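Single-structure report; data block below.
The values are calculated or read from the model by the stated rules, or taken from the named source; none is laboratory data. What you see is a predicted model; the values in this text were computed from it and never measured. Note that we place each Cβ from the backbone using ideal geometry, even for glycine, and neighbour counts take in every protein chain shown.
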């Protein structure tokens, strides 16, 4: 019972974190993984008895795509299909599904943490002063027009990285991911395997109703286990007291 209750406490923490990020752009929810393993115990009558223990061996990231939300920002983008946007953080290259981008004071395309967004070659994307009518195509190619010009000029391409196994990514705050700890570099997605939508952001993939129902269920089950553990402990104390009086 104690092993299951410990797992429930962790499950409550995982669910609470999911619910707290229900409005976080590009957030991917976590789910707890349980493993059941039997243990043979010897009873007072020397008869072996199998007892199942619950072991919470870790969490896995839900890769389910969140809903797209339309915005009024032409620099906001969402990627439909596999792949992550590439940004340059102070601690190295990071990956994200959060495409709420803006321009910094130097005209660089940056994410919500002011990290430069990178192109497929790992270079920042820079706009020119006076750029308007910014167009981002489905493959991430960016064009813009200058004041007084009717012709569009290229400004780069938003890079998208693909990972064969997203469960190896290291989840970080602010909807960021680091590459696999044991190696395994990012790959360029095949042409046509993804589409970038301009003026959209991908919302969190957390289903708040489902998560809240799981939270209520976990809390209720934890309460039942606490009552059972306390009752067992009380019976043991009474048994010891009875034995001491004999």
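Got at least one residue in region 13-20 being within 24 Å of residue 186 (Cβ to Cβ), buried (at least 18 other Cβ atoms within 10 Å of the Cβ) and at pLDDT 90 or above? Working first, answer last.
Kept after step one, since they are within 24 Å of residue 186 (Cβ to Cβ), are these residues of region 13-20: none.
Checking region 13-20: not a single residue is within 24 Å of residue 186 (Cβ to Cβ), buried (at least 18 other Cβ atoms within 10 Å of the Cβ) and at pLDDT 90 or above.
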Q: Return the residue satisfying two criteria in turn: it lies in region 64-81 and is at pLDDT below 95 and exposed (fewer than 13 other Cβ atoms within 10 Å of the Cβ), and of such residues it is nearest to residue 160 (Cα to Cα).
A: 64
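Can you give me the ranges of the strands (runs of 3 or more DSSP E) entirely in region 129-217 with at least 1 residues that are on the phi > 0 side of the Ramachandran plot and either crowded, with 18+ Cβ neighbours inside 10 Å or touching a helix residue (DSSP H, G or I) at 6+ places or on another chain (Cβ under 6 Å) (or both)? Break it down stepwise before answering.
Details: elements: 132-136, 141-145, 152-157, 170-172, 176-178, 195-198, 200-202.
In region 129-217, the matching strands (runs of 3 or more DSSP E) lie at 152-157.
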Q: Kindly provide the set of residues from region 82-128 that are closer than 22 Å to residue 180 by Cα and surrounded by fewer than 14 Cβ atoms within 10 Å (Cβ to Cβ), ordered by number.
A: 90, 91, 92, 121, 122, 123
